[in-house]
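Reading through the structure tokens given below for one structure.
The values are calculated or read from the model by the stated rules, or taken from the named source; none is laboratory data. Quick caveat, the model's predicted, so the values are computed rather than measured. Positions of Cβ are backbone-derived with ideal geometry, glycine not excepted, and every protein chain shown enters the neighbour counts. Keep in mind that these areas ignore ligands, DNA and RNA; they rest on the heavy atoms of the full protein, side chains included. Shrake-Rupley method; radii C 1.70, N 1.55, O 1.52, S 1.80 Å.
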Amino acid sequence: MKDSVKAEVRQILTDYLEQKNHRKTPERFAILDTVYSLNRRFSIQDLSDELEKSNFAVSRATIYNAINLFMKLRLVICHRLNDGTLYEACHSNENHCLQICSICGSVVELNVSDIADAIEGIRLKRFRKERFSLYLYGTCSSCQARITRRKKKEQNIKQNI
């Protein structure tokens with residue numbers, strides 16, 4: 001992630017902590033820096049492992065509390081997927097369209113400007129849109145090919161009987 005984005009999110013966190021008279025702990029900033037260094041979706045365990053690699057051991061409670069704070073500040077987004085909950089740094093990309101295979105669980109981020117334009121054009125009463133997440137569930141091409149091969153194999157076995 002770009003250093004300018006990291007500096008900006010650190011400043012957002014600093015401003016919030018100062019405004020609320022909370023402590024600016026090194027753990028919070030280490031977790032934030034790690035989140036913005038990963039450049040991928042991650043689980044709490046992934047984050048904990050990365051922090052340990054950096055010789056910065058932090059309790060799971062501290063990680064969960066920091067992640068919840070980052071979600072409140074809209075610096076992190078939470079995805080509840082088939083294989084568990086994953087988080088992602090989202091400061092520079094607030095809208096998310098994900099394509100999820102319901103068989104193997106693979107996740108691909110889509111950049112579909114038509115969807116963003118359509119959602120932007122929607123007029124909602126007494127509600128201000130800020131961002132959106134869209135999850136498209138289906139079967140990826142690899143799983144489709146595997147299913148097709150299995151069906152052909154079963155048909156060949158039945159024809160030989």
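Results, tabulated for the structure shown:
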item	result
Nearest 10 degrees, 0 to 90: helix 44-53 Cα axis against the chain principal axis	60
Per residue value of the accessible surface for the range 1-71 (all protein chains in place, 1.4 Å probe), Å²	58
Using a Förster distance of 25 Å, the FRET efficiency for ASN21-LEU73 (Cβ separation, nearest 0.05)	0.95
Square roots of five times the Cα gyration tensor eigenvalues for the chain, Å	39, 23, 12
With Cα atoms, 0 to 90° folded angle of helix 141-160 axis to the chain main axis	20
The range 56-71 - phi-based ³J(HN,Hα) in whole Hz, Karplus 6.51/-1.76/1.60, Gly and Pro as x	10, 6, 10, 5, 4, 4, 5, 5, 4, 5, 5, 4, 4, 5, 5, 5
Out-of-range pairs (alpha-carbon distance over 27 Å; input LYS24/LYS129; LYS6/LYS125; LYS72/LYS125; LYS24/LYS125)	LYS24/LYS129; LYS6/LYS125; LYS24/LYS125
Accessible surface, 1.4 Å probe, highest first, among residues PHE42, PHE29, PHE56, PHE127	PHE127, PHE56, PHE29, PHE42
Angle in degrees between helix 26-38 and the longest Cα principal axis of the chain, rounded to the nearest 10	30
